[in-house]
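Here the structure comes first, spelled out in structure tokens, and everything after it is commentary.
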Amino acid sequence: MQLRPYQQAAVDAVYNHLRDRDDNPCVVIPTAGGKTPCLATICKDAVTRWQGRVLVLAHVKELLQQTADKLTAVCPEVDFGIYSAGLKRRDTNNAVIIAGIQSIYKRACELDRFDLIIVDEAHLISPDGEGMYQQFLSDAKKVNPHLRIIGFTATPFRLKDGPICAPENILNTICYEVGIKELIRDGFLCPLVSKSGTDQIDFGSLHIRAGEFVADEVEALMDSESLVESVCREIVEHSVNRNAVLIFSSGVRHGNHIVETLRDKHGIECGFVTGETSSEDRDRLLQKFRSGSLKYLCNVNVLTTGFDAPNIDCVALVRPTTSPGLFYQAVGRGFRLHPSKQNCLVLDFGGNVLRHGPVDCLRIKPAGSQSTGEAPAKQCPKCNALIAMGYANCPECGFTFPPPEKQNHEAQATQAPILSGQVTNTRYEVTDTHYYSHLKRGAADDAPRSMRGATTNPSGFALNTQVTHANVPWLGGNSDPPIRFLQPPRKHLRGSKEGPLRKPSRSSFEASPERSTTGSLTTRSGRCPNRATNIFPMSLQTRRFHFEYVIRFHIPASIRLGVP
């Protein structure tokens, strides 16, 4: 199996860390990004190159089966076994053992010495001294004091405790990390899009217990007759052209209500999986869902980590959560590529994007923090788009927001940009453009001049242009109008109402002193470092601004250099 470039980089980073440091590394790769091939490659090298013994730990049988399948594909020559009650196997003497933590956490001594332990979904390791992982790893270190531990996860944080890597924890340092947007850009993850819910939901009445909304209160809020009917209607409307729709409900009663409403009001069959569903019924429903014979599948927080159905092209979150990890894992069910889909639609009826931010740059509160702070986004009341707090005008519909002191807050299930880097297109009319000759400050009188211009429009943008092409006749060149300027060396937007914009990528227009013309400008915008509420931290967003140019040159005779 040939590793992707970022997978090979992750493996190399692990080896460098184990070689140069004494602590334990963690690798962060997004859901569906391919952690298992990295894990299988490390197992193969540990056994065949370094004659080591490896244990792979996971918490659900689906992950164990995935790892076993990848090991078979990557290194069929490696002797590996499985220790899992769910898979009905208890192998103990192999060079590589893939084990469920629930089956072995009291049996470290029975499995003998390991040189390397790899933990899949490592964010499940509790930082304190309790839990199955802590108990097993503590005992394993007694068997081999030189044991090294490697963690793999998509979410290197825990709801109550913050980051999982710290000097005092089992995992100490993130040795490699790749982001969601990079993998979408390179074609390794499915693009995400989002749509809105229309009903206003006030989540302010919910209380928090043990770091999460109280389950009974959430279900009581989300299970109203009118809200369920509205949610089901919108799910059906938005998923007409979708192949597989995965729904997350707020509880068993709520989930049954959704299933019944889809059946009775819309004539749609919807499967339902809970923690109480039998293994036989669960496997049957999941097989129908993966094969495409069942389009809609509702669950109560059980089809998250380890559930793999690449054909999912719509995820409906009909529940709020305070856990950024749970939000990420739910959305991540739609990350996988599949020939039948171009993107995955995320319907967030629980206000989770408003609460946590886009899925590729989640806002993680420090451990012990009680303040929720300001929302990382605001909603347009006209079109329901969710946009960065710094916008004065909605880029989707042009709505002008009132000043902050006059703005009313609404808690509403809304359209959310599920990725921080989604492209928006906005068209503005340019009313006038003025050009003038410019001599650089401090330059000699005979130094080359440039032509500068200023463009205005009703939206308040100021477009400043500098052109240094030598063939401009009034700047001393030899060509005659009309002139064509391609990719002027410097061009920027200044004083934008939507925040500072940076790094123009390209522009072109044709201009003549005698005629008008049209053109377009494409810009890249960076993050606003002085705006704590900006929804795009540490990332770039691409916007395309289309300007209709009406070029009017005002060339005084005194500066027509080189023109008879």
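The values are calculated or read from the model by the stated rules, or taken from the named source; none is laboratory data. Values in this document were obtained by computation on a predicted structure and should not be read as measured data. No Cβ is skipped: glycine too gets one built from the backbone with ideal geometry, and neighbour counts run over all protein chains shown.
For region 41-78: of the residues being more than 13 Å from MET1 (Cβ to Cβ) and among the hydroxyl-bearing types (Ser, Thr, Tyr), which is surrounded by the fewest Cβ atoms within 10 Å (Cβ to Cβ)?
THR48
For ALA220, only one of the following conditions fails: (1) part of a loop (DSSP other than H, G, I, E, B); (2) surrounded by fewer than 17 Cβ atoms within 10 Å (Cβ to Cβ). What is its number?
(1)
So if I check each of SER194, SER224, SER239, which one is among the hydroxyl-bearing types (Ser, Thr, Tyr) and more than 25 Å from the chain's Cα centre (by Cα)? Don't jump to the end; show me each part of the working.
Details: SER194 fails: more than 25 Å from the chain's Cα centre (by Cα); SER239 fails: more than 25 Å from the chain's Cα centre (by Cα).
When all the criteria are applied, what remains is SER224.
Would you please name the residue that is nearest to GLY357 (Cα to Cα), looking only at residues in region 183-211 that are surrounded by 16 or more Cβ atoms within 10 Å (Cβ to Cβ) and not aliphatic (A, V, I, L, M)?
Residue satisfying both the conditions and the ranking: SER194.
Mind listing whichever residues of region 277-305 are of a type in the set (D, E, K, R) and over 25 Å from ASP120 (Cα atoms)? Talk me through it step by step, then tell me what you get.
From region 277-305, those of a type in the set (D, E, K, R) are 280-284, 288, 290, 295; that's our starting set.
Matches in region 277-305: GLU280, ASP281, ARG284, LYS288, LYS295.
Which of the residues spanning region 102-156 are under 29 Å from VAL178 (Cα atoms) and polar (S, T, N, Q)?
Result: SER126, GLN134, THR153, THR155.
Listed here are the residues, each with its yes/no results for (1) surrounded by fewer than 22 Cβ atoms within 10 Å (Cβ to Cβ); (2) free of Cβ contacts under 8 Å to residues at least 60 places away in the same chain; (3) touching a Leu at 6+ places or on another chain (Cβ under 9 Å); (4) closer than 12 Å to HIS59 by Cβ.
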{"residue": "ARG89", "(1), (2), (3), (4)": "yes, yes, no, no"}
{"residue": "THR92", "(1), (2), (3), (4)": "yes, yes, yes, no"}
{"residue": "ALA95", "(1), (2), (3), (4)": "yes, yes, no, no"}
{"residue": "GLN102", "(1), (2), (3), (4)": "yes, yes, no, yes"}
{"residue": "LYS106", "(1), (2), (3), (4)": "yes, yes, no, no"}
{"residue": "ASP115", "(1), (2), (3), (4)": "yes, no, yes, no"}
{"residue": "GLY151", "(1), (2), (3), (4)": "no, no, yes, no"}
{"residue": "GLY162", "(1), (2), (3), (4)": "yes, no, no, no"}
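Can you find a residue that is at pLDDT 90 or above, within 24 Å of TYR328 (Cα to Cα), surrounded by fewer than 17 Cβ atoms within 10 Å (Cβ to Cβ) and not aromatic (Phe, Trp, Tyr) anywhere in region 126-141?
no
Could you please find all residues in region 236-247 being of a type in the set (Val, Ile, Thr) and at pLDDT 95 or above? Reasoning before the result, please.
Let us first name the residues in region 236-247 that are of a type in the set (Val, Ile, Thr), namely 236, 240, 245, 247.
The answer is VAL236, VAL245, ILE247.
Of the conditions (1) loosely packed, with under 14 Cβ neighbours inside 10 Å; (2) in contact (Cβ under 8 Å) with a residue 40 or more places away in the chain; (3) on the phi < 0 side of the Ramachandran plot, ASP281 clears all except one; give me its number.
(2)
Specify which of the listed residues (THR67, THR72) is more than 30 Å from CYS361 (Cα to Cα) and not assigned by TED's automatic domain parsing to the domain that holds ARG282. Show your work before the answer.
Values: THR67 fails: more than 30 Å from CYS361 (Cα to Cα).
Among THR67, THR72, only THR72 is more than 30 Å from CYS361 (Cα to Cα) and not assigned by TED's automatic domain parsing to the domain that holds ARG282.
Is it the case that GLU237 is among the acidic types (Asp, Glu) and either assigned to a loop (DSSP other than H, G, I, E, B) or within 29 Å of ARG336 (Cα to Cα) (or both)?
On the way: among the acidic types (Asp, Glu): yes; either assigned to a loop (DSSP other than H, G, I, E, B) or within 29 Å of ARG336 (Cα to Cα) (or both): yes.
Taking the combined requirement at face value, the residue satisfies it.
Do you know which residues across region 84-129 are more than 22 Å from ASP283 (Cβ to Cβ) and among the polar types (S, T, N, Q)?
First, pick out the residues of region 84-129 that are more than 22 Å from ASP283 (Cβ to Cβ): 91-97, 104-119, 122-129.
THR92, ASN93, ASN94, SER126, listed by residue number.
Each row is one residue, and each column tells you yes or no for (1) hydroxyl-bearing (Ser, Thr, Tyr); (2) closer than 24 Å to THR48 by Cα; (3) assigned to a helix (DSSP H, G or I); (4) out of contact with any Gly (no Cβ under 7 Å at 6 or more places or on another chain).
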{"position": "ILE98", "(1), (2), (3), (4)": "no, yes, no, yes"}
{"position": "GLN102", "(1), (2), (3), (4)": "no, no, yes, yes"}
{"position": "PRO127", "(1), (2), (3), (4)": "no, no, no, yes"}
{"position": "GLU130", "(1), (2), (3), (4)": "no, no, no, yes"}
{"position": "GLN135", "(1), (2), (3), (4)": "no, no, yes, yes"}
{"position": "ASP139", "(1), (2), (3), (4)": "no, no, yes, yes"}
